[in-house]
Amino acid sequence: MDRLTAAELRGLFLFEKLDAEQLNWLAAHGHIETREAGTPVLTEGEPATCFFVLLEGTVALCRTIGGQRIEVSRSSLRGSYFGATQAYLELDQPTYQMTVESITATSMLQFDADEIGPTIRSWFPMAMHLLEGLFWGMRNT
């Protein structure tokens, strides 16, 4: 299984401010996944089991609205992230909120949501409290 080093992870904007211990944890728990062009990465409505960080290639993020598949955004930006983006929340049955498809051949860093969610909560407890308040407040509104 291919992995990134802590130094390589620091080059991704999402992780650039983390300390050495945090980067080492990410290096040990993330692995590189690849997909061919036209291949789905994840599907809307399925259990949200993985968090992805784009390393190379282009992905399209799509939602099903009124029975129609709509492309919401497209990204080739190294460091873009998607998937179990709410893994830090303790939801009963989290599902992917969109479908992600590889437009070109892609390489992504993949983390297990069950591992990264609790880790993020322990690293950033105040930020998690604020994000949970925002999430639940918006959902209830």
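Miscellaneous remarks
- Each other residue within a Cβ distance under 12 Å of Leu61 adds +1 if Lys or Arg and -1 if Asp or Glu, for a net charge of 0.
- Largest mean-square fluctuation among Glu21, Glu46, Glu36, in a Gaussian network model of the chain whose springs join Cα atoms under 10 Å apart, belongs to Glu21.
- Environment charge at Thr99 (Cβ cut-off 15 Å; Lys +1, Arg +1, Asp -1, Glu -1): 0
- Accessible surface calculations at 1.4 Å, restricted to protein heavy atoms, place segment 1-79 at 59 Å² per residue.
- Charging the Cβ of each Asp and Glu at -1 and of each Lys and Arg at +1, and nothing else, the dipole of the chain about its Cα centre rounds to 420 debye.
- Here the label points at Gln22 and Ser76, each 7 Å from Cα along the C-beta direction, are separated by 3.0 nm in the simple model.
- Local electrostatic count at Leu14 - Lys and Arg +1, Asp and Glu -1, tallied over other residues with Cβ under 14 Å: +1
- Across Ile65, Ile32, the residue with the most accessible area heads the list, and the full order at a 1.4 Å probe is Ile65, Ile32.
- For segment 1-83, convex hull of alpha carbons as volume per residue, Å³: 109
- Gyration tensor (Cα) of segment 90-141, equivalent ellipsoid semi-axes in angstrom: 25, 17, 10
- Taking one quarter of the surface of the convex hull spanned by the alpha-carbon atoms of the chain gives a direction-averaged projected area of 9.0 nm².
The values are calculated or read from the model by the stated rules, or taken from the named source; none is laboratory data. The structure presented is a predicted model; accordingly, all values stated were derived computationally and were not measured. Quick reminder, even Gly has a Cβ in these numbers, built from the backbone with ideal geometry, and neighbours come from all protein chains shown. Just the protein is used for accessible areas: all its heavy atoms, side chains included, with ligands, DNA and RNA removed. Shrake-Rupley method; radii C 1.70, N 1.55, O 1.52, S 1.80 Å.
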